[in-house]
1. Which angle from 0 to 90°, rounded to the nearest 10, does the C-alpha axis of helix 64-77 make with the longest principal axis of the chain?
2. Using alpha carbons only, how many degrees (0 to 90, rounded to 10) separate the axis of helix 121-139 from the longest principal axis of the chain?
3. Can you compute 3J(HN,Hα) from phi for each residue in region 83-92, using the Karplus curve 6.51 cos²θ - 1.76 cosθ + 1.60 with θ = phi - 60°, rounded to whole Hz and x for Gly and Pro?
4. Which one of Val3, Asn26, Cys38 is farthest out on the positive end of the charge dipole of region 1-70, using unit charges on Cβ (Lys, Arg +1; Asp, Glu -1) and the Cα centre as origin?
5. Which whole-number percentage describes the relative contact order of the chain, with Cα contacts under 8 Å and a sequence gap of 6 or more?
6. Which residue, chosen from Met72, Leu89, Asn140, occupies the Cα position most advanced towards the positive end of the dipole of region 65-147, where the dipole is computed from +1 (Lys, Arg) and -1 (Asp, Glu) charges on Cβ about the Cα centre?
7. Over 19 Å, how big is the tail of the calculated P(r) for the chain, in percent of all Cα pairs?
8. Short version: ³J(HN,Hα) in whole Hz for each residue of region 17-26, in order, from phi by Karplus 6.51 cos²θ - 1.76 cosθ + 1.60 (θ = phi - 60°), x for Gly and Pro, what are they?
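Bear in mind these aren't lab numbers, they're just calculated from the coordinates by the rules spelled out. Every value quoted in this text rests on a predicted model; they were computed, and no experiment measured them. All Cβ positions, even for glycine, are placed from backbone atoms using ideal geometry, and neighbour counts span all protein chains on display.
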Amino acid sequence: MDVNELYQDLILDHSKNPRCHGCVLNPNAKACLYNPLCGDQIDLTLIVEDGVIKDIAFNGQGCSVSQASASMMSDICKGKSVTEVKELLALFSGMMKGEKDGEDCEELGDAVALEGVRKFSARIKCAMLPWEAIAQCCSNFESGDSK
Ligand code: ZN
């Protein structure tokens, strides 16, 4: 199995068996984003405590890229600090823009499987949507970050 097939399998697996699927109880951050180009929707709910993502869950519908990306993003961001999530976001968007290769982004976990999506410019928005959702959630907690 070459790396492309492996990545393809990971994307399928996450879209069929999404991690962190649903809605957290009493979230203190949420974002609902819609990608009209493809019809993808992501409803993200989080519990952030002391600058750390304690719990995260998403509901959504749309293409397998957007749903797999939401699952991968939620999985990797759970338990991370808001600051770490911002670093992951920068890494992921750098990978999508072709500024970084997946092999240099192992912090992203399964989300490196989405590297190949950048070849299809119309689908980049699908892959980015969940990351834009968590960016929106995290921006509410920016003031809590100590520099
Ligand atoms: Zn899509």
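1. For 64-77 against the chain, the angle is about 50 degrees.
2. The angle comes out at about 10 degrees.
3. Those phi angles translate into 5, 5, 4, 5, 5, 4, 4, 5, 5, 5 Hz.
4. After comparing all options, I get Asn26.
5. Details: 252 pairs, mean separation 39.6, N = 147.
Here the relative contact order equals 27 percent.
6. After comparing all options, I get Asn140.
7. Details: 5059 of 10731 pairs.
That fraction is 47 percent.
8. Rounded to whole hertz, the list is 10, x, 7, 6, 8, x, 8, 6, 7, 6.
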